[in-house]
Structure formats: structure tokens, C-alpha cells
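Enquirer: Sharing a structure, written as C-alpha cells. Questions coming.
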Amino acid sequence: MTEAVLFSESYYRRVLDQFGYAPFDLWQFDFAMAGLDADTLNARYLCHHHGERFVDAPAARRVVTTGFGMSGVPHLATVSHILKMVELQRGGERCQIVLGDLDAYNGKAKPYGEVRDLAERFREYSLRLGFDDTAGTVRRQEGYLPALEVMYLLGRYVAQDDFDAAEEDNHAYFAARGLVDATMTFRRSLALSLMTADFLALGQDNDAVLVLLGVDEHRYVRFAQQTRERLDAHVPLRSDFTLSAVYTRMVRGFGGHPKFSKSIPGSAIDVTTPPGEVRRLLMAEPPVPEESATYQLMCQIPRYDAATLLDLHVRCRENGEAWRRAVAEFAEYMVELIGRWPR
């Protein structure tokens, strides 16, 4: 069986080296954004790519975007992404959440009716978690003609090798479990093409686009950036906009799985997990911050500032009563968030 790529600190350093990210390409924050200071941003996110160019653009001419595949109900790492978008929106950023119904329909071969229903519930859940769809956008991929048209126009600038190079690090792990095609099939290429088009379509009306993704998806942003750089005078698309990214760390999955996944049963706490099981799983994690899904979730969920997270790091290692109280309080908050999912 294919071994998982574990998202450790050594993995993060290896990504920097392997893909040629120079220190000036992937940075920790030394500036504020959306009312959050640099320390809090560095606690919340792993790094950014040209985030300083994003914040230099006029607020009315920039937008933050993220998206979720509709391969299953959201787990808590997905919930943390929605809450991050809420936090950025409340801090004054224009934000978009894309619900990847067509992505899951092609990329994961999910039934059309299933992904459509799931997208509607994801949309309602985003609103219940605080996202304001009058100030920002939460939409499905289906029916959004600007991105579909951009996807077609990009076709002449992409080669098959580009798709092959864009595989996630854990692609073989998921393919070995029958969760995704083993190769970059046509339908999977369509899913990646539409994701890229979602990014570039925003650049037609904005001077700066910031993509928020997990670091395991960094190759998708590189794919989009490389495609944009090839645009020439023969395509009616603007390429002179900033395409930046901010990457989150991953939450280690339960049962030895590399991360929380909507596709792997038992790897995560999701919105169907009973309250008692939520409390048990969070309390049972090892008292090692680098290995504890509980501590990693505390860092991901926009609930604690940087100073509090440093204190929780110490409490986790001590594994005393203070840590158990913190986990119990956090578990109740997770249970409350899960309870907002539309049944």
C-alpha cells in the first residue's frame, strides 16, 4: 500500500527546496492584513506568496478566493477555512467562496445530484458560520459562465505535462484507495482547468487575487501562475494582475491518514460526528503539538490569538489539567459549529 506523505515541518521545508521557492517567494507575514497583526497571521497560516503585492492593491480592486470540492460533507479543517474567510471578510476584504460541484462531479466522479445538493448545503452552512453573501460571493461552479469561458480560452496555453506536474503530493495515496483516478485523466484535467479559470476570471476585473488553500495544493496555484504567464495578444484575457496565495498548514488525520479528508472515512471529525465522539477524539490526541490534530485545529480555527496559541503549545506538552480544560472548552465550540450544519 502506498505510504502517506505526512505534513510535518520537514515536509514544509522540503516543499520550499523541491519546487524552487526562494525565501522571497514564500514568506511569513511581516505586515498586517484584514485587521490581523503579523503574529496572528503567522499563527493562522503557514506562509504567503506575494501577499505584500496583494495588500498594496486598492481594497476595492482586490479579492480573496477559496474553494471546496463537493466530495463529501465538510470536516473541521474545511470549517476552519470557511471561518478564515469570514474573519478576512469582517476585516474588510472582499471574499469569494467557490463550491466545487463540477470539480467533484469530474475530479471525483461524484453523482451530479449529490454534488448539487451538497453545494446548496455548503452554501447555507457558510452563511450560518457568518459569511455575508451581500458583501461577498459564495457560488457554485455550475452556471458561472465567466469561468467556463476563461477555461476554454486557456486551453491553447496548457500542455498535458502541465497537468501531470500538478498532482498533489498524496495523489498516489488517494489513488491506491480508489478515491481518485491513478492518472491525470481528461475529466480530472477538466476539474483542474476550471479551478484555474476560477482564479483567472477574477483577475479580469481585479488588480490582485489572493488564493487561500492548504499547502498541499500549492501546485494548483503554480499551474495557474504558469498558465497566466503564457497568455499573449491572441487571447482576450488580461494577465497584468497579481496572483498571490496564502497557505495553511494541514491537520493530521486520525488513523494514520496524512490529513483530514472528506474522501477517507475515519480520517477526520466532520459535521456528522456525534458530540460524544468529537469530545473523545479531541481529548485522545497525543500531547505533542506537532502530532496533535487537536492542537493543529486550535491553530487553524480563528478563535485564538498568537499569544494564546503559544500558551496552548506549552499546555499541550505539559498535558496537565490546564490542557484538558482547554481541550474540553474547544470541543464544546466544535460541537456548536457542527450543530449549524443544515440537516
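The values are calculated or read from the model by the stated rules, or taken from the named source; none is laboratory data. As the structure is a prediction and not an experimental result, all values here were calculated from the model. Methodologically, a virtual Cβ is constructed for each residue, glycine included, from the backbone with ideal geometry; neighbour enumeration extends over all protein chains shown. For accessibility, only protein heavy atoms count, side chains too; no ligands or nucleic acids. Shrake-Rupley method; radii C 1.70, N 1.55, O 1.52, S 1.80 Å.
Enquirer: Express the carbon and sulfur contribution to the solvent-accessible surface of the chain as a percent, rounded to the nearest whole number, probe 1.4 angstrom.
Expert: That fraction is 52 percent.
Enquirer: Related question: Grab the other residues whose beta carbon is less than 13 angstrom from that of Ala322, score K and R as +1, D and E as -1, and report the net.
Expert: Local net charge: 0.
Enquirer: Follow-up. Once you list every other residue whose beta carbon is under 15 Å from the beta carbon of Leu282, what net charge do they have if Lys and Arg are +1 and Asp and Glu are -1?
Expert: Neighbour charge sum, excluding Leu282 itself: 0.
Enquirer: Ok, one more. Would you compute the Debye intensity of region 275-340 from its alpha-carbon atoms alone, equal scatterers and no solvent, and pass along log10 I(q)/I(0) at q = 0.19, 0.28 Å⁻¹ to two decimals?
Expert: -0.66, -1.40
Enquirer: Can you give the accessible area of Thr134, probe radius 1.4 Å, in Å² rounded to 10?
Expert: My reading of the accessible area for Thr134 is about 120 Å².
Enquirer: Where the only charges are on Cβ atoms (+1 Lys, Arg; -1 Asp, Glu), what is the dipole of the chain about its Cα centre, to the nearest 20 debye?
Expert: 660 debye
Enquirer: With every atom except the alpha carbons ignored, what do you get for Rg and Dmax of region 216-316, in angstroms?
Expert: Both quantities, over Cα of region 216-316: 19.2, 59 Å.
Enquirer: Send over a whole-number figure in Å² for the accessible area per residue of the chain, probe 1.4 Å.
Expert: Value returned for the chain: 43 Å² of accessible area per residue.
Enquirer: So, by mean Cβ neighbours within 10 angstrom, what's the order for 34-46, 90-102, 271-283 with the highest one leading?
Expert: 90-102, 34-46, 271-283
Enquirer: How high is the relative contact order of region 288-338, in percent, counting Cα pairs under 8 Å that sit 6 or more residues apart?
Expert: 33 percent.
Enquirer: Packing-wise, with mean Cβ within 10 Å as the measure, how do 153-161, 60-68, 292-300, 188-196 rank, highest first?
Expert: Result, highest mean first: 292-300, 188-196, 60-68, 153-161.
Enquirer: Any idea what the relative contact order of the chain is, in percent, if you count C-alpha pairs under 8 Å spaced at least 6 apart?
Expert: 23 percent
Enquirer: Something else: Note down the relative contact order for region 65-136 as a percent, whole number, built from C-alpha pairs under 8 angstrom at least six residues apart.
Expert: Relative contact order, region 65-136: 44 percent.
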